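Encoded as structure tokens, the structure appears first; notes follow it.
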Amino acid sequence: MVSSLLEQLSADLEVLSEHVRAGLDEFGTLYGYLEGGRGGRTYLLHAPYEEALAVLRALNGLAFRGRILLALDPSPLSPTLEGLPLTGPTRAPLAHLLQRTRPDRLLLAFPGEGLGQSFPGAKETAEGWLPLDAEGEPLAFHVEAPTGLLYREVRAYGPWESPPLSLDLPISPGPYWGSVGLALGIPTYGVGLVNLRASLEALFSLW
């Protein structure tokens, strides 16, 4: 499974490289730089790899200032040595990319609609996602990235909250992995995959 996923990522990298400066990092994250108008800042738009087509469609022709670093994360598709599937993105690939690129803002594409600006904290146990103070230990996995890199993932994520924005967008619970960005001091918001284009337009009109 790992080799076939890496082959797919490599093929997509070739296609993406025909249009933008692109690469594949140690964790198998596929990334590309989209250049906007003069001025503005660098925004990292992080999305699960399986949502690549929807995200690329939303970005096509989008007007913005600055630079978007699009990161397509394959970690939810990566196998674990424990033989259990992952239910969403993992910490290490995103933290690695943020530490290396240091964007001005982090946008996380997540299931839902509108803006995600907070998350109460939770852990994933054998019974599912529960509050951090619930009984039971969080699941711990050894994840094998598409590149063959092995890393440990503990499914416990702390609470996070970002300042509200003056936008007429629905407010949804933010994605659990937003705590990864705020732990590094990077302003972080979730952006729902439902009507993603409209949400991105609203955000970039503000910034």
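The values are calculated or read from the model by the stated rules, or taken from the named source; none is laboratory data. On a predicted model such as this, the values are computed, not experimentally measured, just so you know. With ideal geometry, Cβ positions are generated from the backbone for all residues, glycine too; neighbour counts draw on all protein chains shown. The accessibility values were calculated without ligands, DNA or RNA, using every heavy atom of the protein model including side chains. Shrake-Rupley method; radii C 1.70, N 1.55, O 1.52, S 1.80 Å.
Ligands, DNA and RNA are left out, and with a 1.4 angstrom probe the accessible area of the chain is 47 Å² per residue. For region 179-188, 3J(HN,Hα) computed residue by residue from phi via the Karplus equation (6.51, -1.76, 1.60; θ = phi - 60°) reads 5, 5, x, 5, 5, 9, x, 9, x, 10 Hz, glycine and proline entered as x.
Of the solvent-accessible surface of the chain, computed with a 1.4 Å probe over protein heavy atoms with every protein chain present, carbon and sulfur atoms account for 53 percent.
Centre-to-centre, using Cα atoms only, region 180-198 and region 105-146 are separated by 14 Å. The charge dipole of region 1-137, taken about its Cα centre with unit charges on the Cβ atoms of Lys, Arg (+1), Asp and Glu (-1) only, comes to about 940 debye. Considering only DSSP beta bridges where both residues belong to region 16-111, give the percentage that are antiparallel (nearest 5). Restricted to region 16-111, the bridges split so that about 45 percent are antiparallel.
Computed from the Kirkwood radius of its Cα pairs, the Stokes-Einstein diffusion coefficient for the chain at 4 °C and 1.567 mPa s stands at 74 µm²/s. Take the Cα of L206, go 7 Å toward its beta carbon, and the backbone nitrogen atoms of region 100-124 under 17 Å from that spot belong to 104-110, 113-119. Only helices enter the 222 nm calculation for the chain: every DSSP H run of n ≥ 4 contributes -39,500 (n - 2.57), and dividing by all residues gives -7500 deg cm²/dmol, rounded to 500. Charged neighbours of L107, selected by a Cβ distance under 14 Å, balance to 0 (K, R count +1; D, E count -1).
With kT/(6 pi eta Rh) evaluated at 4 °C and eta = 1.567 mPa s, and Rh the Kirkwood radius from Cα pairs, region 1-107 diffuses with a coefficient of 89 µm²/s according to Stokes-Einstein.
All other residues whose Cβ lies under 15 angstrom from that of L206 are scored, Lys and Arg at +1 and Asp and Glu at -1, for a net of 0.
Please give the net charge around L56, taking every other residue with its beta carbon less than 12 angstrom from that of L56, where Lys and Arg add +1 and Asp and Glu add -1. Mind showing how you got there, number by number?
Working: positive: R57, R197; negative: D12, E51.
Local net charge: 0.
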